[in-house]
1. What are the residues in the range 180-226 that are under 17 Å from residue 111 (Cβ atoms), open to solvent by 30 Å² or more (accessible area, probe 1.4 Å) and either outside any helix (DSSP H, G or I) or charged (D, E, K, R) (or both), if any?
2. Residue pairs, Cβ under 7 Å, 6 or more apart or interchain, first in the range 55-67 and within 15 Å of residue 165 (Cα to Cα), second assigned to a helix (DSSP H, G or I). List them.
3. Among the numbered criteria (1) under 24 Å from the mean Cα position of the chain (by Cα); (2) at pLDDT 90 or above; (3) among the acidic types (Asp, Glu); (4) more than 26 Å from residue 89 (Cβ to Cβ), which single criterion is violated by residue 162?
4. The conditions are (1) in contact with a Phe, Trp or Tyr (Cβ under 8 Å, 6 or more places away or on another chain); (2) more than 14 Å from residue 180 (Cα to Cα); (3) at pLDDT 90 or above; (4) in a loop (DSSP other than H, G, I, E, B), and residue 64 fails exactly one of them. Which is it?
5. Quickly run through the range 109-138 and pick out the residues that are among the acidic types (Asp, Glu), in contact (Cβ under 8 Å) with a residue 60 or more places away in the chain and not in a strand (DSSP E or B).
6. Return the only residue of 74, 79 being farther than 21 Å from residue 122 by Cβ, surrounded by 12 or more Cβ atoms within 10 Å (Cβ to Cβ) and modelled with pLDDT under 85.
7. Would you please name the residue that is farthest from residue 171 (Cα to Cα), looking only at residues in the range 49-69 that are in contact with a helix residue (DSSP H, G or I) (Cβ under 7 Å, 6 or more places away or on another chain) and open to solvent by less than 40 Å² (accessible area, probe 1.4 Å)?
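The values are calculated or read from the model by the stated rules, or taken from the named source; none is laboratory data. In this text, all values refer to a predicted model and were calculated from it rather than measured experimentally. Cβ sites come from the backbone with ideal geometry, for glycine too, and all protein chains shown count toward neighbours. Protein only, heavy atoms only, side chains kept; ligands, DNA and RNA dropped before computing areas. Shrake-Rupley method; radii C 1.70, N 1.55, O 1.52, S 1.80 Å.
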Amino acid sequence: MNTRAMHRHRASGWLAVLPLLLVLVAACAAPRADATEPSGRSARVEAVSIVEDPGAAMSVGEVAARLEGSPRGAPAAAAAEPSFNIEFSRSAWWVGATLANRDSVERALVLAIRDARVDRADFYVERGGAWTLAARFPADNGDANHAASRYPVLDMTLRASERLPVLIRVTSRKEMRLAPAAFTRDAWNAQELRAAMWNFGFFGGLLALVWCALLIGFFSRSGMFVVLAVLALGTTL
């Protein structure tokens, strides 16, 4: 009987850990599914290139001139290969791209770098031959009408078939991925809403698991459920 009880206790312990493993798998799968979400046919990013500024002193005009004077395949654009992964660096990184409205009507578009590891980003756009600062991350002044974005984003309205050159100055003390993506504003808002729902479900499920494991551990005097509660709480934090 003691042996059977021990095996039953171990089995119940593994069954208690199973919900935590399922929650972790769902959390890992959600960002991957989100990353493959189509941005819509209207918005497109073209001619993406990356320039490193080791001294973090280059101006937007200098970067634009460097990109215009670099032939295809030159070192200045060599970092624009598919990965866009940047290791730890104290350099400033400039991302050059063209935001295009492929629709036949005016569209509100969003250009985003979907990496929360970015510390600061400045978006410059070219209009009339001059580069002007159009957006900044994080925003300097809070806007009651627009919620703060999790990622660096540029929100612009383009005419039918209009193409807008953009330069993004990015700095970070962490590794990051500089892969700009374009969305219509509606598609971006829908994606952010889905991400918020995933986050709410993930953290809410973990906290519910902590509370249930503590209750079961208290009434059953089982240390396995206490361990499960500690693991779930640590994952949540």
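1. Matches in the range 180-226: 185, 186, 192.
2. Note: pairs meeting the criteria are 66/76; 67/76.
3. Against the list (1) under 24 Å from the mean Cα position of the chain (by Cα); (2) at pLDDT 90 or above; (3) among the acidic types (Asp, Glu); (4) more than 26 Å from residue 89 (Cβ to Cβ), residue 162 comes up short only on (1).
4. (4)
5. Answer for the range 109-138, where residues must be among the acidic types (Asp, Glu), in contact (Cβ under 8 Å) with a residue 60 or more places away in the chain and not in a strand (DSSP E or B): just 115.
6. 74
7. Only one residue tops the list, namely 49.
Each row is one residue, and each column tells you yes or no for (1) over 17 Å from the mean Cα position of the chain (by Cα); (2) under 14 Å from residue 171 (Cβ atoms); (3) at pLDDT below 90.
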site: 110; (1), (2), (3): no, no, no
site: 120; (1), (2), (3): no, yes, no
site: 124; (1), (2), (3): yes, no, no
site: 133; (1), (2), (3): yes, no, no
